[in-house]
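Trainee: Structure provided below as structure tokens; questions to follow.
The values are calculated or read from the model by the stated rules, or taken from the named source; none is laboratory data. Bear in mind that the values here come from a model prediction, so they are computed numbers and not experimental data. Methodologically, a virtual Cβ is constructed for each residue, glycine included, from the backbone with ideal geometry; neighbour enumeration extends over all protein chains shown. Note: accessible area is taken over every heavy atom of the protein model, side chains too, but ligands, DNA and RNA are not part of it. Shrake-Rupley method; radii C 1.70, N 1.55, O 1.52, S 1.80 Å.
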Amino acid sequence: MRTIHSRKRTATLGAAVTAVLALALTACGGDDGGTKSAGPADSAAKTTASAGASQSTGSDTTTDGATTAAASKKVTSQTGASKTGTAKTTGGTKSTGGNTSDSYAYKHPCTSDNLSVRVYPREGSATQQVIEVNNTGANSCGLSYFPRVSLGSASAKDHSGDITPLVPGGLGGAPAYPVKPKTAAIAVIDLNPGGGNGVTWINELNVLADGDHMPNAEQLNFPLGPDVKVGEPKLGLYSATIADAVASMKQADSKS
């Protein structure tokens, strides 16, 4: 009975050992199989990942290239717009530069809005005053041959007694005196050419830049100061310089 029991026990132990060895071998075989199986999968994953990264980089490169190309087109477009704008601006400047021809001035009388008038003593003379009319507009314009001038008292209510100067006679030729933009028409009046005794109640010089086309309401008044003596005043034609205006004034021989 012992022998039989011992054999059964031995058989049982042998079966257990065999089972344990089988499990161990199975476990070892599983690890090797897993390693071998994981190897190609990991390599494939790496290859796929690498290919994906390459595509991504290629996509980035393509995107960057497209961005650069778009930016280049934008810059080119902006440059072209700038050139076009400049061309238009230049064209606009030319078209609004004004007409400076004398023929244009003959047909377009000056207006008070485009003129400034100054009166000041002529340097080196005690009796002469310079009347300077500046064209502040963009186009040439025409003035009468000389300004309409009268001499009177600023406090007088009735100016019918104001004195008017002599002017050059026998005038003819162009229909107006042309004044180009940013230039002046100059006339000179001598309040007392003879230098003798004259009236002393006059203290104001009245100037209408264009007596042929401007209303009397646009006349300007300039004070002459105290102790002014006026006797047989003379007024010259509009000229380009003071010297020419003085020479013209000396030829004054007719009532305006």
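Trainee: Restricted to the range 192-208, and to residues that are open to solvent by less than 10 Å² (accessible area, probe 1.4 Å) and in contact (Cβ under 8 Å) with a residue 60 or more places away in the chain, which residue is farthest from GLN128 (Cα to Cα)?
Mentor: Here the answer is LEU208.
Trainee: In the range 102-136, which residues are part of a loop (DSSP other than H, G, I, E, B) and crowded, with 18+ Cβ neighbours inside 10 Å?
Mentor: The answer is CYS110, THR127.
Trainee: What pairs come up if the first residue lies in the range 212-224 and is over 20 Å from TYR120 (Cβ atoms), the second is not hydrophobic (A, V, I, L, M, F, W, C), and their beta carbons are under 7 Å apart, counting only those six or more places apart or on different chains?
Mentor: Close Cβ pairs (under 7 Å, with a partner that is not hydrophobic (A, V, I, L, M, F, W, C)) amount to ASP212/SER144; HIS213/PRO109; MET214/SER112; GLU218/SER112.
Trainee: Test SER150 against the criterion of being assigned to a strand (DSSP E or B) and over 18 Å from SER239 (Cβ atoms), and give yes or no.
Mentor: The answer is yes for SER150.
Trainee: Still on this structure, I have one more. Would you pick out the residues in the range 184-200 that are of a type in the set (Gly, Ala, Ser) and at pLDDT 95 or above?
Mentor: Of everything in the range 184-200, those that are of a type in the set (Gly, Ala, Ser) and at pLDDT 95 or above turn out to be ALA184, ALA185, ALA187.
Trainee: Further, regarding this structure: Pick from GLY211, GLY173: which is at pLDDT below 95 and either open to solvent by less than 40 Å² (accessible area, probe 1.4 Å) or closer than 21 Å to SER140 by Cβ (or both)?
Mentor: Just one listed residue meets the conditions, GLY173.
Trainee: For the range 176-211: of the residues being more than 37 Å from the chain's Cα centre (by Cα) and of a type in the set (Asp, Glu), which is farthest from SER256 (Cα to Cα)?
Mentor: Applying the filter and picking the extreme gives GLU204.
Trainee: Tally the residues that are open to solvent by less than 30 Å² (accessible area, probe 1.4 Å), touching an Asp or Glu at 6+ places or on another chain (Cβ under 9 Å) and assigned to a loop (DSSP other than H, G, I, E, B), restricting the search to the range 225-256.
Mentor: 3
Trainee: Still on this model: Can you give me the number of residues within the range 137-170 that are open to solvent by less than 60 Å² (accessible area, probe 1.4 Å) and among the hydroxyl-bearing types (Ser, Thr, Tyr)?
Mentor: 5
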